[in-house]
Amino acid sequence: MNNSDKRYDFRAVRNINYIFWIMLLIMGLFVIRLFYVQVIKYDYYKKSALKGQLQQSRIPATRGLIEAHQGNQIIPFVLNQQLFTLYADPFLVKNSQSASEKLVSILGGTLSNIESKLKTPKTRYVVLAKKISQAQSDKILALKIPGIGTVGQDYRVYPQQELASQILGFVNNDGKGTYGIEQALNDELAGTPGYLKAITDINGVPLAASKNNIEIAPTDGKNIVLTLDIAIQKQVEDIIKNAAIQEKSPLVSAVVMDVNSGAVKAMANYPTYNPANYYDVTTPGVFNNAAISNAIEPGSVMKALTAAAALDQNVIQDNTTYNDPAHWIIDGFKITNIEEDGGAGVRSVEDVLNLSLNTGATWMLMQMGGGQVNQKARQAWYDYETNHFKLGSSTGIEQGYDSPGVVPRPNIPNQSGDQQDLTYANTSFGQGLTVTAVQMASALSSIVNGGKYYRPYLSDGIIDAQGNIKYNKPKIIDTNVVTSKTSKSMVSLLQQVVTKHFQAGFSYLNFPSNYIVGGKTGTAQVANPKGGYMDHEYNGTYLGFVGGDKPQYAIAIFVTTPTVNGYAGSYGAQPIFGSIAHMLINESFVSPKGS
Amino acid sequence: MTYSNSIAVNRQNYSRKNQNAVSFRSRERVLGPVSNTIVLVVLACLLGLLYLTQVTKTNSYGSKAYSLQQQQSRLQNQYNDLEVASAQLQSLNSIQSSPVSKNLVPATPSTTINN
């Protein structure tokens, strides 16, 4: 090997060394960079990568259905349906006329309406139609019109339309139950939403082979069966609607309750609304279930409770008579009766209820105090009002707002007896306290069923996924509201009131002998918001029962300021009671005697 | 030194010492480091391929499952639509306003039947 060859070899080796070191340097840089990217900045890049690939979404739970009884069947009352909103981005719609024609051919409606929406300037989003069906949505999407799309949304559907709307309430745009049972049982109905966290492909389809995927299935809401019987409910609604129109009453409420369980079979108010179109309602007051939320002074129906309390305390008997002076002076104020009741005379307990004697109710209160309205009488009556009949507190029924009403206390601080006796005398005939229709129906139920106070309820049970119903047991709150002797006396006394009213000319109170029907009217003065009472406005109320061998249904009717030729109770509320009682008997909802 | 060079060197050693001797050494086939590396790389590639096919397959199942879920959802919606239609047809208002109902003769008793 000569020198030149040696030099050549040396240079080659040196060049190879240079290349080696350069390569090593480059490799080193790569390694350092990779170490920086993969180790030091691991979290940052992982998050960045997942941001594009990882989809996190809430899986909505299906809201529970609401069903109700129709005879022996359970039928759907409130259902769910996915409907679609059709929207457009006017900026992307190039040929609005052609697009409109295609859309109208599927949706119907007027061409100009849709076309004008598609031409809306300065907006990227315009709603073309709401609540379109899935089939319509599919057809529209198949047209592949640029800028036109649909988005699905779950809606509550009410096949029975406005029936029992105020009991049901509605679900607002946020998916929250509002008013009625939707509000009261929102947690049970709503269920628990699920959660999806998944690496997805470009179309948003979750990739199954990702260890980061998390899918928690939603727990659907429970299906609830109401105690309502749809057939009774429908007819009660029709009856009170007709009455409200005839009597020009701004508000009529009715409750039909099973006296032996507290189950509400019908509960209705008029005016009402269609919950499917709740957003069209202009007077929000119509959302309230007045039978539960509207506490008013009940008037003379209260005398049934006063009589029950006095009988139960054994301070009077059902055949007791007394000398009625036609008026009492209490706290300097005169308590009188209506003119038709005549003047002073010997009166019986039956007369007190039949003639609706204010002086008679006051006399009963006096007997609770040993002969006069005093602290003892007030305390005893207050005990019955609040502890026995549960007035002055919410019933616990499954509704959005359950008004407690107001019962004046027997001892008002700083008043030291001044006018307290008068206040309490007034409460004995249903003035000076407020109650709801459902409170009165519950109280009457406890009086005529032997003395058991059942919590009034609307939720009859829960349907599981297999369609089996787990019924709620009626809840007994109190077993000693009145004795069975008092109960029997009250059933008899209230029956006599109906009989006497029939004999007095109310021909519609003619009931067959194999049924028992009892009740009491009430005409109440209407409180003036400025103080005192309105001059010529009265509310009509009725509290009664219907049954066979024993009372089966309690019925409470509240009619606000009816325009009738007579007392609001007798001519406004009593006909409604009569119609409902006849309907229950005629359509075999009531078991006759001996059955 | 490459694999072929190493064989050549071995042969040179034999030719120097025992040129006429007959080689009795059995011909063992041993993979050298390069072949080993190539085989390992190929195996790694195969494993990678296997992994990719499995992942793709699993993801395609995921896609199928998603598609089935979508279909199930659509069918559930259709079922709900039918249920709603059925309930609406059976509702008291529909029955009341049906032609059959309208042709019925009113027979509401004015008072309760005495039986």
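The values are calculated or read from the model by the stated rules, or taken from the named source; none is laboratory data. For clarity, every value in this text was computed on a predicted model and none was experimentally measured. All Cβ positions, glycine included, derive from the backbone under ideal geometry; neighbour counts span all protein chains shown.
Filtered by the rule that a residue be crowded, with 16+ Cβ neighbours inside 10 Å, out of contact with any strand residue (DSSP E or B) (no Cβ under 7 Å at 6 or more places or on another chain) and either modelled with pLDDT under 95 or of a type in the set (S, T, N, Q) (or both), segment A:484-495 gives A:THR486, A:SER487, A:SER489. Scanning segment A:438-472 for residues that are of a type in the set (D, E, K, R) and either modelled with pLDDT of 95 or more or under 21 Å from A:VAL255 (Cβ atoms) (or both) gives A:LYS452, A:ARG455, A:ASP460.
With the structure loaded, tell me whether A:GLY531 is out of contact with any helix residue (DSSP H, G or I) (no Cβ under 6 Å at 6 or more places or on another chain) and at positive phi or whether it fails that test. Yes: the conditions hold for A:GLY531.
If we scan segment A:424-433, do we find a residue that is over 30 Å from A:TYR567 (Cα atoms), small (Gly, Ala, Ser) and in contact with a strand residue (DSSP E or B) (Cβ under 8 Å, 6 or more places away or on another chain)? Scanning segment A:424-433, I find no residue that is over 30 Å from A:TYR567 (Cα atoms), small (Gly, Ala, Ser) and in contact with a strand residue (DSSP E or B) (Cβ under 8 Å, 6 or more places away or on another chain), so the answer is no. Summed over segment A:501-529, the residues that are under 24 Å from A:LYS248 (Cβ atoms), more than 14 Å from every other protein chain (Cβ to nearest Cβ) and not in a strand (DSSP E or B) give a count of 4. Of A:ALA556, A:ALA581, all but one fail to be assigned to a strand (DSSP E or B), modelled with pLDDT of 95 or more and hydrophobic (A, V, I, L, M, F, W, C); the exception is A:ALA556. Assess whether A:THR219 counts as being under 24 Å from A:LEU65 (Cβ atoms), among the β-branched types (Val, Ile, Thr) and outside the structural domain of A:TYR571 (by TED's automatic domain parsing). Judged against the criteria, A:THR219 is a match.
The residue of segment A:53-83 that is surrounded by the fewest Cβ atoms within 10 Å (Cβ to Cβ), among those that are at the interface with chain B (Cβ under 10 Å from one of its Cβ atoms) and hydrophobic (A, V, I, L, M, F, W, C), is A:ILE75.
Cβ-Cβ distances below 8 Å connect the following pairs, each with a first residue in segment A:133-144 that is within 14 Å of chain B (Cβ to nearest Cβ), a second residue that is of a type outside the set (Val, Ile, Thr) and in a helix (DSSP H, G or I), and a separation of six or more residues or different chains: A:SER133/B:ASP81; A:GLN134/B:ARG74; A:GLN134/B:ASN77; A:GLN134/B:GLN78; A:GLN134/B:ASP81; A:GLN136/A:LEU107. Among the residues of segment A:145-159, those identified as within 11 Å of chain B (Cβ to nearest Cβ) and of a type outside the set (Ser, Thr, Tyr) are A:GLY152, A:ASP154, A:ARG156, A:VAL157, A:PRO159. Among the conditions (1) of a type outside the set (Val, Ile, Thr); (2) crowded, with 20+ Cβ neighbours inside 10 Å; (3) under 42 Å from the mean Cα position of the chain (by Cα), the only one that A:GLN379 does not satisfy is (2). Give the residues of segment A:160-201 that are within 14 Å of chain B (Cβ to nearest Cβ), assigned to a loop (DSSP other than H, G, I, E, B) and under 22 Å from B:SER73 (Cα atoms), sorted by residue number. Result: A:ASP201, single match. Being among the small types (Gly, Ala, Ser) and in a loop (DSSP other than H, G, I, E, B) is the filter here, so list the residues in segment A:431-487 that pass it. Matches in segment A:431-487: A:GLY432, A:GLY450, A:GLY451, A:ALA465, A:GLY467.
When segment A:186-201 is limited to residues that are of a type in the set (A, V, I, L, M, F, W, C) and under 30 Å from the mean Cα position of the chain (by Cα), the one that is nearest to A:ARG58 (Cα to Cα) turns out to be A:ALA190.
Among the strands (runs of 3 or more DSSP E) confined to segment A:39-114, the ones with at least 3 residues that are aromatic (Phe, Trp, Tyr) are located at A:73-88. Residues that are within 7 Å of chain A (Cβ to nearest Cβ) and either charged (D, E, K, R) or part of a helix (DSSP H, G or I) (or both) within segment B:91-107 comprise B:LEU92, B:ASN93, listed in sequence order. Kindly indicate whether A:TYR279 is at pLDDT below 95 and either out of contact with any Pro (no Cβ under 9 Å at 6 or more places or on another chain) or not assigned by TED's automatic domain parsing to the domain that holds A:ALA581 (or both). When the stated conditions are applied, A:TYR279 passes them.
Of the numbered criteria (1) farther than 28 Å from A:LEU355 by Cβ; (2) free of Cβ contacts under 8 Å to residues at least 40 places away in the same chain; (3) out of contact with any Asp or Glu (no Cβ under 8 Å at 6 or more places or on another chain), the one A:ASN323 fails is (1). Taking the condition at pLDDT below 95, at positive phi, outside the structural domain of A:LYS550 (by TED's automatic domain parsing) and out of contact with any Leu (no Cβ under 9 Å at 6 or more places or on another chain), does A:GLY505 pass? It is false that A:GLY505 is at pLDDT below 95, at positive phi, outside the structural domain of A:LYS550 (by TED's automatic domain parsing) and out of contact with any Leu (no Cβ under 9 Å at 6 or more places or on another chain). The requirement of being part of a helix (DSSP H, G or I) and either crowded, with 21+ Cβ neighbours inside 10 Å or out of contact with any strand residue (DSSP E or B) (no Cβ under 9 Å at 6 or more places or on another chain) (or both) is fulfilled nowhere in segment A:398-409; no residue meets it.
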